[in-house]
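Below is one structure, written out as structure tokens, with a few remarks after it.
The values are calculated or read from the model by the stated rules, or taken from the named source; none is laboratory data. If you're wondering where the values come from, they're calculated on a predicted model, not measured in any experiment. All Cβ positions, glycine included, derive from the backbone under ideal geometry; neighbour counts span all protein chains shown.
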Amino acid sequence: MKRSSLGLMAGVLAAGLAIGPASAQAPGLPEYLANISGNTPSNPSDIATRDLLQLDIGMFSLYDRASSIYRRNILAKHPIILAMFTNEGGRLMLYRPGQTPIDAPKVPKVYQILKSTGHSTMAISQVVIPSVNNKADKRWIAPMAAYRVQMKTALDGLDASNDIQADWKPVVKEILTNNVAYMDACLSKGEVTLEDLTAFGKKQAANIKLIINWAASTQVKHWMGVMDEWSAMLGPDLAKTYAASNTIYVARQNNVLFSVLAQYFGADAINDRLMLIETMGFTTTPDEMLVSMTRIIGDRSVGELFFGNYHIMDYELMGGDGRKTIIAEMQKRGKQPVLPPAVPFGSKQWPTLITTGPGPTSLDDLK
């Protein structure tokens, strides 16, 4: 086959076209094939645009290949700590060059008991709120009755649990007892009233705040004990260790795992070696965390290469020009833009809300 014929065939295949007219269709096909056979007409502009857009799609496979190389190289040179959210109070893993990863001991089970108790109370509100003050709505009855069985079973077995301190049991028992009483009252009346629901919330609030305090203290003390051990194990290598914690939107502020890590990494490591990575789900896998972390670190080298700044790729590259355009467009409209202060690349600020202002900032501030 001649060279020109090869070039023609390659062009035809790349364009997704058969030789002949763009709308050509093989003759003699049965009807069930005829309506879907043939080629969609294309023009040079469509083909050129598609080829240009394909460059961005192809970029991802190149990034994936580079990321796997970055990951191997980083793990070979730097310790890494992953702090991942779980329903058990978190999971911490330590990776050291050339050694088997260490999975830290879990938070004491009392943390889960306290968390489950608090969540069970709030879950009741989720059952009844859609039907509050709507006597004709009975959709809440079946889920309430089913959950009431689980609640009573947990209450009846509480004293047998050895995973909760004896002096904490009375508060947990009171919360569960109040839960059962409220559920019984609703089921007996056959309706959910705002008055009863509000009274239930107020009755439980003080004890819920108390077990939140116990759960948080248990979690923090456990992980600080782990970090004490790991810091001593790493010694001077802690100064070149990377760490990351994952978070969803509502857990960004006062993120417990990130806050614990910050005590050992120091303020200068924040947004540099210590990262808070937002995710869509409560939980994530170690592999997903490593992929995200190594992508961030790898992109920093790209930023230095092209723009002479190591941290610029931590920020939305179009954000600066987008900001300028927003300001200009708002001026055209005679309005003031609503934008945060511009912060320098590589800022060591806490990666969550840090601006002070009026209003409560903790459960203790609420009246």
Review point. Which condition breaks for Ser68 when tested against (1) within 24 Å of Thr283 (Cα to Cα); (2) touching a residue at least 12 places away in the same chain (Cβ under 8 Å); (3) polar (S, T, N, Q)?
Key: (2)
Check your understanding: In this structure, is Thr279 in contact with a strand residue (DSSP E or B) (Cβ under 7 Å, 6 or more places away or on another chain) and either at negative phi or not basic (Lys, Arg) (or both)?
Key -> yes
Review point. Mind checking which residues of the stretch 169-207 are part of a loop (DSSP other than H, G, I, E, B) and crowded, with 18+ Cβ neighbours inside 10 Å?
Key: Glu191, Val192
Review point. Based on what the data block shows, is Ala243 without any contact (Cβ under 8 Å) to a residue 12 or more places away in the chain and either in the same structural domain as Met144 (by TED's automatic domain parsing) or more than 25 Å from Ile164 (Cβ to Cβ) (or both)?
Key: no
Check your understanding: Which one of these does Thr284 not meet: (1) part of a helix (DSSP H, G or I); (2) touching a residue at least 24 places away in the same chain (Cβ under 8 Å)?
Key -> (1)
**Study point:** Unique match (being touching a helix residue (DSSP H, G or I) at 6+ places or on another chain (Cβ under 7 Å) and either outside any helix (DSSP H, G or I) or more than 30 Å from Thr241 (Cβ to Cβ) (or both)) among Ser67, Ser42
**Key:** Ser42
Check your understanding: What about Ala216, is it at pLDDT 95 or above, in a helix (DSSP H, G or I), of a type in the set (Gly, Ala, Ser) and over 26 Å from Gly90 (Cα atoms)?
Key -> no
Revision key, fill the gap. Inside the stretch 231-261, the number of residues satisfying the requirement of being within 25 Å of the chain's Cα centre (by Cα) and either outside any helix (DSSP H, G or I) or not polar (S, T, N, Q) (or both) is 20
Review point. Just one of the numbered conditions (1) modelled with pLDDT of 70 or more; (2) exposed (fewer than 13 other Cβ atoms within 10 Å of the Cβ) is not true of Ile19; which one?
Key: (1)
Exercise for review: Confirm whether Ala166 is out of contact with any Phe, Trp or Tyr (no Cβ under 6 Å at 6 or more places or on another chain), on the phi < 0 side of the Ramachandran plot, small (Gly, Ala, Ser) and buried (at least 17 other Cβ atoms within 10 Å of the Cβ).
Suggested key: no
Review point. Residues in the stretch 92-105: is at least one among the aromatic types (Phe, Trp, Tyr) and either at pLDDT below 90 or in a loop (DSSP other than H, G, I, E, B) (or both)?
Key: no
Review point. Of all residues in the stretch 317-342, how many are loosely packed, with under 10 Cβ neighbours inside 10 Å, not in a helix (DSSP H, G or I) and not polar (S, T, N, Q)?
Key: 8
Review point. How do the pairs read when you match residues in the stretch 208-235 that are surrounded by fewer than 18 Cβ atoms within 10 Å (Cβ to Cβ) with residues anywhere that are modelled with pLDDT under 95, using Cβ under 7 Å and keeping only pairs 6 or more apart or on different chains?
Key: Lys209/Leu363; Ile212/Leu363
